[in-house]
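Working notes, structure below.
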Amino acid sequence: MTKLAIVVPCYNEQEVLPVTNEELTGLLNVLRDEGSVSGDSFIMYVDDGSSDKTWELISGYANDSDNVRGLKLAANVGHQNALLAGLMTVKDEVDAAISIDADLQDDISVINDMLTKFKEGCDIVYGVRSARKTDTFFKRFTAQGFYKLMKRMGVKSVYNHADFRLMSSRALDGLSQFKERNLFLRGIVPTIGYRSDCVYYERKARTAGESKYPFGKMLSFAFDGITSFSVKPMSYIMGTGVCMIILAIAFAIYALHSYITGNVVSGWTSIVLSLWFIGGLLLFSVGVVGQYIGKIYLEVKERPRYIVEERTGNGSEN
Ligand code: UDP
Ligand code: MG
């Protein structure tokens, strides 16, 4: 039977935690009674260096129930790192782990569908928001712009999927091979591979407490996502440089023509030409240097080059 862990990163969530814990333990009990998960499945709360009563609450829940555990991080390290901490802690012990935000904006009733897909052989099941009715126009607009930009920058990511997903233990093993510090899970997970699928739900409003992702943090998250996955901005700089040089050549013809026909102020031709050429050349050079830095960047990440799914044939047991 599937041993499941539900991993919940929590940062100053004392307002929502009581509700969240009730709902999640309720759900886990139902799943257990139905026989979809094993009796020793559990919820793992990760306290991301909260300064409120979050940890007191978590320890309380863990004392009251065998199916609740807590992990307290020594400092606030951010949503992504907190989530990774939780996932890596449970990875060797469970068959599958589901990550979900503490505010339960994601619909926990689709967890059942996730488990079904897992049992059908999917290693990764993404929770995808089919509607964002409850988000403000601003949040919706910025979030969607973000997904589009990511796509244009060549980052593989699942549209409208946040960090609500199921991962099998071998997918988590794959994830553990990504050594980067600059963590952007939504981008990393699709690069792991294995069979994956999506389940759809409507995103709800936060039940209590405030969003820990104000606009500024969201922007830096988006920037992080792009810069940790794509070296395309460098190519764009180089491309702009090339365009400027081509423009400079076209302009040179025009300027020389004006010079020959004589209707220019003296000194204009040389100044204008060198301006464009030097500009183009500088931009192009920065772009070239950027390409090398981009390569160094990809090397130092030491990402796995491949992940083996299965082996067959003679000697595959060794
Ligand atoms: N979170 C965290 N560390 C942080 C910020 C947020 O662990 O530094 C957690 C937070 O407790 C929540 C999840 O990350 O469980 C998502 O945060 P939030 O709901 O505030 O983001 P939003 O849904 O508004 O994008
Ligand atoms: Mg939220």
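The values are calculated or read from the model by the stated rules, or taken from the named source; none is laboratory data. Keep in mind it's a predicted model, so treat the numbers as computed, not measured. Reconstructed Cβ throughout: ideal geometry from the backbone, glycine too, with neighbour counts over all protein chains shown. Surface accessibility is based on the protein's heavy atoms, side chains included, excluding ligands, DNA and RNA. Shrake-Rupley method; radii C 1.70, N 1.55, O 1.52, S 1.80 Å.
Would you work out which of GLY39, LEU283, GLY315 lies farthest towards the positive end of the dipole of the chain? Charges go on Cβ: Lys and Arg +1, Asp and Glu -1.
Value: LEU283.
How many percent of DSSP beta bridges within the chain run antiparallel, rounded to 5?
25
Enter the accessible area per residue of the chain (Å², integer; probe 1.4 Å; all protein chains in place).
Spelled out: the 1.4 Å probe surface of the chain, per residue, equals 53 Å².
Give me the percent of accessible area attributable to carbon and sulfur for the stretch 1-129, probe 1.4 angstrom.
It is 46 percent, rounded to a whole number.
Charges at C-beta only: +1 for Lys and Arg, -1 for Asp and Glu. How large is the resulting dipole of the stretch 68-180 about its Cα centre, in Debye rounded to 20?
For the stretch 68-180, the charge dipole is close to 560 debye.
State the extension gain, in nm to one decimal, for the chain segment bounded by ASN314 and PHE215, taking 0.36 nm per residue of separation less the distance between their alpha-carbons.
30.1 nm
With 25 Å as the limit, write out which pairs from LYS156/LYS301; LYS91/LYS204; LYS117/LYS156; LYS204/LYS301; LYS72/LYS117; LYS72/LYS119 have Cα-Cα distances beyond it, or answer none.
Violating the 25 Å Cα-Cα cut-off are LYS91/LYS204; LYS204/LYS301; LYS72/LYS117; LYS72/LYS119.
Compute for the chain: radius of gyration divided by Kirkwood radius, i.e. Rg/Rh, restricted to C-alpha atoms, rounded to two decimals.
1.14
Work out the charge dipole of the stretch 64-177 with +1 on the Cβ of Lys and Arg and -1 on the Cβ of Asp and Glu about the Cα centre, then indicate which of ALA162, SER109, PHE138 is farthest towards its positive end.
Of ALA162, SER109, PHE138, it is PHE138.
Dividing the convex hull volume of the Cα atoms of the stretch 29-141 by its residue count, what figure in Å³ per residue is obtained?
Enclosed volume per residue, from the Cα hull, is 144 Å³.
If Rh is defined by the Kirkwood formula over all Cα pairs and Rg also comes from Cα, what ratio Rg/Rh do you get for the stretch 148-217?
Here the Rg-to-Rh quotient is 0.99.
Between helix 268-300 and the chain, what is the angle of the helix's C-alpha long axis to the longest principal axis, kept within 0 to 90° and rounded to the nearest 10?
That helix lies at roughly 30 degrees to the long axis.
So how compact is the stretch 212-318: Cα radius of gyration and Dmax in angstrom?
Cα radius of gyration and Dmax of the stretch 212-318 are 24.4, 84 Å respectively.
Where in the stretch 98-165 are there trypsin sites (Lys or Arg not before Pro) that are in a DSSP coil and have at most 14 other Cβ atoms within 10 angstrom of their Cβ?
LYS133, LYS156
Roughly how compact is the stretch 104-212, stated as its Cα Rg over 2.2 N^0.38 Å to two decimals?
1.11
State to the nearest 20 debye the size of the charge dipole of the chain about its Cα centre, where the only charges are +1 on K and R beta carbons and -1 on D and E beta carbons.
Dipole about the Cα centre, nearest 20: 1660 debye.
Based on the Kirkwood radius over alpha-carbon pairs, what value in µm²/s does the Stokes-Einstein equation return for the translational diffusion coefficient of the stretch 228-288 at 25 °C and 0.890 mPa s?
After rounding, the answer is 196 µm²/s.
Please compute one quarter of the surface area of the Cα convex hull for the stretch 177-249 and express it in square nanometres.
Dividing the Cα hull surface by four gives the mean projection, 9.2 nm².
Along the charge dipole of the chain, Cβ charges K/R +1 and D/E -1, which of ILE188, VAL125, LEU219 sits furthest on the positive end?
LEU219
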